[in-house]
1. Classify the stretch 40-100 as rounded, prolate or oblate from the Cα gyration tensor: take a ≥ b ≥ c as the square roots of its eigenvalues, call it rounded if a/c is under 1.5, otherwise prolate when a/b beats b/c and oblate if not.
2. HN-Hα J couplings of the stretch 53-69 from phi, Karplus 6.51/-1.76/1.60, θ = phi - 60°, integer Hz, Gly and Pro as x?
3. Among PHE68, PHE96, which comes first, then next, by fewest other beta-carbon atoms within 10 Å?
4. Could you check the spin-label model distance between LYS77 and LYS101? Points 7 Å from the Cα along Cα→Cβ, value in nm.
5. Residues with amide H under 5 Å of MET122's amide H, sequence separation 5 or more or different chain, H placed in the peptide plane at 1.01 Å from N; which?
6. Which distance in nm do the two modelled labels at ALA42 and VAL108 give, with both placed 7 Å along the Cα-to-Cβ direction?
7. Could you list which residues have their amide H under 5 Å from that of LYS92, counting only those 5 or more apart in sequence or on another chain, with H placed in the peptide plane?
Amino acid sequence: MHLAINQKIFLLVFVFILWGCKSKYEDCTEDDYNACNTNRPATAEVRIRVTINNENPEVTVLAFEGDFEDGNLVWEKVVRQSRYTVMMPTEKKYSFTATYKKDLKTIVAVDGGELKVSSYTMCEYTCYETNLLEIDLVLK
C-alpha cells in the first residue's frame, strides 16, 4: 500500500488529534465519583441577607413563588440574624421581601432569582448540581 505524502500527513494529524481528546475525568477514579450527585436535587440552598440593627432587631421576610406582585406567598419568617439560609424546591423562580422601619418610614427591600438544576456527564454517569441563590435584602 502506497500512500501519498498528503495522505500520510493527514493520517498523522488525525492520530494526534485522537490522542489529544481526553475526558475531563479520564481515569474515572473514586475521587471523581465523589463529586458527582447522580440524583436530581429536589431542593437547593437559598442564602438571605438582611439588616439587623437597633431600629430593626428583627425583620419579617416573605418568600413568594414567582414575582412578589403576584402574591403567591410560600412562607413568612421573622429573622433575627443578618444571614438566614433555607432550602427551597428547585426549578422555580422566587421573590423575597424584607420590611424595615427607618425614621418613622416603612421600607420594603425586594430581591429574587431562580433555583436551577444543571447536569453534566462524568465517565458513564449524569451528574446534577444546583445554583446557589443569594438574596440581598440589606437596607441601603
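We did not get these values from a lab; they are worked out from the coordinates using the rules stated. Everything numeric in this text was worked out from a predicted model, so none of it was measured. Cβ coordinates were reconstructed from backbone atoms using ideal geometry, including for glycine residues, and neighbour counts include every protein chain displayed.
1. oblate
2. Per residue, the Karplus-derived 3J(HN,Hα) values read 8, 4, 6, 10, x, 8, 10, 8, 10, 10, 10, 10, 7, x, 6, 5, 5 Hz.
3. PHE68, PHE96
4. If labels sit at LYS77 and LYS101, their model points lie 2.3 nm apart.
5. For MET122, whose amide H was placed from the backbone, the distant partners under 5 Å are CYS127.
6. So the label points at ALA42 and VAL108 sit 3.2 nm apart.
7. LEU115
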